[in-house]
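Everything on this sheet refers to the single structure shown next.
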Amino acid sequence: MLAADDHGYEAVRRSELPLDTVELARRLIGKVVVRATSEGVLSGRVVETEAYPVGDAAGHAYRGETSGNRALFLCRGHAYVYLAYGAHYMLNVSSEAAGVGAGVLIRALAPLQGMEMMQRNRRIESLRDLTRGPGRLAAALEIDRRLDGVDLCRVGPLWIARGCREAPEVGASTRIGLSKATDRLLRFYARGDRFVSGPKALNR
DNA sequence: AGTGCGATTGACT
DNA sequence: GTCAATCGCACTA
């Protein structure tokens, strides 16, 4: 079996993650999400994120800490995983200092490793549809509530590696799928990347 | 205890 | 383009 760190990446250091939620969302573009399972390693390069900063009415931490959103209040670099629409898991990275509730939603990846396993997990062939969208990438990488609270700065079942390539040009837009706080430019994406989700108009 | 509503997706007109 | 599926949680009573 391939070890999680065999491809030469190392886990991001917490100290290199910006404290600020919006800065973190921008900086995560180009990093690599790695999922190590007993069956093999699945990974993808982050091409799209959304920031849910402190005081954001659309953020899950807006009404304070609960049993469900506890992970959002961990120090930056921990996983917050929740179920949306009763069907799809969403992977977030906690941001800010310990005790402060905020995070970054990972909206899309460009698949790197374990594509065949992802195709089985998603029951589709199309490479482009494998991890384009937050629910899709969670299904492809077998991410669910069991990974809630995991430290993404340590090599383990789910972690984030420093990208090896140069950081791409990053575009900004409004966020997708919200009914409140829709105005701010809190969505970030790798410009021109075919694995970015959302309508063309938001991806210029 | 009951109600309403999503940080979405896939199937279908 | 439209629309239903489906579950946890916040909110009301």
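The values are calculated or read from the model by the stated rules, or taken from the named source; none is laboratory data. The structure presented is a predicted model; accordingly, all values stated were derived computationally and were not measured. As a convention, Cβ positions derive from the backbone with ideal geometry for all residues, glycine included, and neighbour counts pool all protein chains shown.
Can you find even one residue in the stretch A:13-21 that is surrounded by fewer than 22 Cβ atoms within 10 Å (Cβ to Cβ), among the β-branched types (V, I, T), modelled with pLDDT of 95 or more and within 15 Å of DNA strand B (Cβ to nearest atom)? So far as the stretch A:13-21 goes, no, none of its residues is surrounded by fewer than 22 Cβ atoms within 10 Å (Cβ to Cβ), among the β-branched types (V, I, T), modelled with pLDDT of 95 or more and within 15 Å of DNA strand B (Cβ to nearest atom). Look at the stretch A:101-112: where a residue is free of Cβ contacts under 8 Å to residues at least 12 places away in the same chain, no partner that is outside any loop (DSSP other than H, G, I, E, B) and of a type in the set (A, V, I, L, M) sits 6+ places away or on another chain with Cβ atoms under 7 Å.
Any chance the stretch A:121-128 includes a residue that's farther than 21 Å from A:L202 by Cβ, within 15 Å of the chain's Cα centre (by Cα) and within 16 Å of DNA strand C (Cβ to nearest atom)? No, every residue in the stretch A:121-128 fails to be farther than 21 Å from A:L202 by Cβ, within 15 Å of the chain's Cα centre (by Cα) and within 16 Å of DNA strand C (Cβ to nearest atom). Suppose the filter is surrounded by fewer than 20 Cβ atoms within 10 Å (Cβ to Cβ) and hydroxyl-bearing (S, T, Y); does A:T131 pass it? The answer is no for A:T131.
Of all residues in the stretch A:157-195, those satisfying the criterion of being crowded, with 19+ Cβ neighbours inside 10 Å and within 15 Å of the chain's Cα centre (by Cα) are A:L158, A:W159, A:I160, A:A161, A:R175, A:L186, A:R187, A:F188, A:Y189, A:A190, A:F195. The residues in the stretch A:97-120 that are assigned to a helix (DSSP H, G or I) and either within 12 Å of DNA strand C (Cβ to nearest atom) or not polar (S, T, N, Q) (or both) can be counted, and the count is 5. Summed over the stretch A:48-96, residues that are assigned to a loop (DSSP other than H, G, I, E, B) and near DNA strand C (Cβ under 10 Å from one of its atoms) total 13. If the condition is being farther than 23 Å from A:T131 by Cβ, in contact with a Phe, Trp or Tyr (Cβ under 6 Å, 6 or more places away or on another chain) and more than 9 Å from DNA strand B (Cβ to nearest atom), then the stretch A:40-95 contributes only A:E65.
Counting only residues that are farther than 16 Å from A:D148 by Cβ and in contact with a strand residue (DSSP E or B) (Cβ under 8 Å, 6 or more places away or on another chain), the stretch A:53-75 holds 2 of them.
Looking across the stretch A:49-97, the residues that are surrounded by fewer than 22 Cβ atoms within 10 Å (Cβ to Cβ) and β-branched (V, I, T) come down to A:V54, A:T66, A:V81.
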